[in-house]
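Have a look at the structure below before the remarks.
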Amino acid sequence: MESEGARADGISAEALDRAERRFAALLGTDAVRREGALFAEFHDPFEGPDARAHRPGLVIQPESVEQVQAAVRLAGVLGIPLWTSSMGRNFGYGGSAPVVDGTVVLNLRRMNRILEIDARQGFARIEPGVTFHQLYAALREADAPLMMSVPDLGWGSIIGNALEHGYGYNLLGDHASALCGLEVVLADGTLLRTGQGAIANSPLWSCHRRGFGPALDDLFKQSNMGIVTQAGLWLVPRPERIETGTILCRGEGDIVPLVDTLRSLVQSGVLQGIPMIVGTPDPAADEDSAAGGFTMAGLRKVLRPGRWNARIGLYGHAEMVAARRSLLERAVAAIPGAELELRSYPGDAGPETVEPRDLIAAGIPNQVLLERLKAAFGETMGHMDFSPVLPATGEAAQRLDAMVRGTLAKYGLVAPVGLLLNARSMVSACMVVFDAADAERVQAARDAVREMYAQAAGWGCAPYRAHVALVDGVAGTFGFNDHAMRRTLGRIKDALDPAGILSPGNHGIWPGVARAGRA
């Protein structure tokens, strides 16, 4: 059953009035919003305040873990569900918009302290309101010899991105795996510390992943089992040398040897981080079907040249980088017609010396992609992301590319086909762009992405993230043994949050009181 149009039955205007008064008394009036510009930020950014569903009823912004605990306990007393967001910048998937319409959004922007930076052990401990930009600035100010991984847009929460299984592209680009040791508020207000943090005054909380017995950390990623209020984040030593650039291939079929080569180089450790492949077809075939000026020709103004273009990186001591580069050059030379371009930077290079196209590979947060997209399509540009996990093969990339182009053509939409290459899988990143000021275009994007999810499910594949309007359908893809996964998650949810207070419906996980009819 799809979640689009889900309502918060029983959350009346009177109940929200009462909740507003009680939360204001608890947190302060400046921490509670029910209208105005700040409140509007917590709708789906590409539907706006007039959205038909997934609307916040109230926004609260605690500034300490004690206030989070108190807010959770009060929500339990009031019987009002809370939807947690960190910064709320998860725009391609709904931003801070809740699955259940009318839910109180508990936003953690005010909890934005960098609690510790340990250059010797190579970690930071941060709160969920800390952004990529903020940590980068702190590392530079302290001249800490550490490097961070950043996603395409650096305005979001580091913890929020990692909990959503987000990606960067250089070392430790799998952001969920870079977390080590969580502090979590449970649905009854209990404060839990995972792993070594369960030992009082442990020096290893952010240094060793596991404690004693089952590791609970992943239970709080892409879930609604608790509210993460701080986390350890692993960083890497600042490299002596960074070499980054692209492998450009011009032929339609070049994606097969390109993926095979990159997969081998990643598995063997020659390439580091997560290479990003972008497919850019000739716009002529798509021009007639695209709508409202959102054409492939416009998209090509943003994308890199070539039919297939892979962004890659090498990091470390100069001698190690040179050895890796030699192996890389030999491998690329075996792909007919492939062109390798690399640029070199010292590891401490900052945004003033790194070319804009290389900022992400150098671990420097930026907004370049968003700026270029808006320059091409205007300020009302919206996007909805289609992001299935695929086998790491060129044939899988070709099949995806053909499916995305064919499906979007029916809806008058366009998207680049992006592929993040892990050692044994690929995560696609297809940003379906549209005019967010046009309700029909917004709905067309949802319909197209839903159709593509269904086609990917036929291949045995599902997205690694999904828009809040589509999470139930995606969760239903994992149907082995009569949906044993969903049923098990439901049992855990009922044990930790029997009243269903925390983020009901997040990633298709519902409390028992709401699971009827959601097989």
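The values are calculated or read from the model by the stated rules, or taken from the named source; none is laboratory data. This one's a predicted model, so the numbers in the text were calculated from it and none came from an experiment. A quick note on method: Cβ atoms are made from the backbone with ideal geometry, for glycine too, and the neighbour counts reach across all protein chains shown.
Worth pointing out:
- Selection of segment 184-203 for residues being over 28 Å from VAL77 (Cβ atoms) and crowded, with 17+ Cβ neighbours inside 10 Å yields GLY195, GLN196, GLY197.
For every residue, the table says whether it meets (1) of a type in the set (Phe, Trp, Tyr); (2) in contact with a helix residue (DSSP H, G or I) (Cβ under 6 Å, 6 or more places away or on another chain).
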{"site": "LEU163", "(1), (2)": "no, no"}
{"site": "TYR167", "(1), (2)": "yes, no"}
{"site": "THR194", "(1), (2)": "no, yes"}
{"site": "ALA198", "(1), (2)": "no, no"}
{"site": "MET225", "(1), (2)": "no, yes"}
{"site": "VAL228", "(1), (2)": "no, yes"}
{"site": "CYS249", "(1), (2)": "no, yes"}
{"site": "LEU258", "(1), (2)": "no, no"}
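- Residues (small (Gly, Ala, Ser) and either part of a helix (DSSP H, G or I) or under 20 Å from the mean Cα position of the chain (by Cα) (or both)) located in segment 143-156: SER149, GLY154, GLY156
- Qualifying residue in segment 13-30 (condition: in contact with a Phe, Trp or Tyr (Cβ under 9 Å, 6 or more places away or on another chain) and either under 21 Å from LEU191 (Cβ atoms) or not small (Gly, Ala, Ser) (or both)): no
- Residue that is modelled with the lowest pLDDT [pool: residues in segment 284-302 that are in contact with a Lys or Arg (Cβ under 9 Å, 6 or more places away or on another chain) and assigned to a loop (DSSP other than H, G, I, E, B)]: ASP286
- Residue in segment 232-241 that is over 26 Å from the mean Cα position of the chain (by Cα) and free of Cβ contacts under 8 Å to residues at least 60 places away in the same chain present: no
- Among the residues making up segment 430-441, those that are farther than 11 Å from LEU413 by Cβ and either surrounded by fewer than 20 Cβ atoms within 10 Å (Cβ to Cβ) or modelled with pLDDT of 95 or more (or both) are ALA437, ASP438, ALA439, GLU440.
- Residue count for segment 241-273 under the criterion of being in a helix (DSSP H, G or I) and either of a type in the set (Val, Ile, Thr) or in contact with a strand residue (DSSP E or B) (Cβ under 7 Å, 6 or more places away or on another chain) (or both): the result is 9.
- Long-range neighbours under 8 Å by Cβ, at least six apart or interchain, first residue at negative phi and surrounded by fewer than 24 Cβ atoms within 10 Å (Cβ to Cβ) within segment 89-116, second assigned to a loop (DSSP other than H, G, I, E, B) and basic (Lys, Arg): TYR93/ARG465; ASP101/ARG7; ASP101/ARG55
- In segment 53-142, counting only strands (runs of 3 or more DSSP E) that sit wholly within it, none holds 1 or more residues that are modelled with pLDDT under 95 and aromatic (Phe, Trp, Tyr).
- Inclusion of LEU172 among residues that are touching a helix residue (DSSP H, G or I) at 6+ places or on another chain (Cβ under 6 Å) and either free of Cβ contacts under 8 Å to residues at least 12 places away in the same chain or assigned to a loop (DSSP other than H, G, I, E, B) (or both) is warranted.
- Within segment 354-400, the set of residues being of a type in the set (Lys, Arg) and at pLDDT 95 or above comprises just one member, ARG399.
- Residue among LEU502, LEU496 that is over 21 Å from the mean Cα position of the chain (by Cα) and among the aliphatic types (A, V, I, L, M): LEU496
- Yes/no for LEU219 being in a helix (DSSP H, G or I), within 27 Å of the chain's Cα centre (by Cα) and closer than 23 Å to VAL404 by Cβ: no
- Answer from ALA456, ALA448, ALA397 - the residue that is more than 23 Å from GLY508 (Cβ to Cβ) and not charged (D, E, K, R): ALA397
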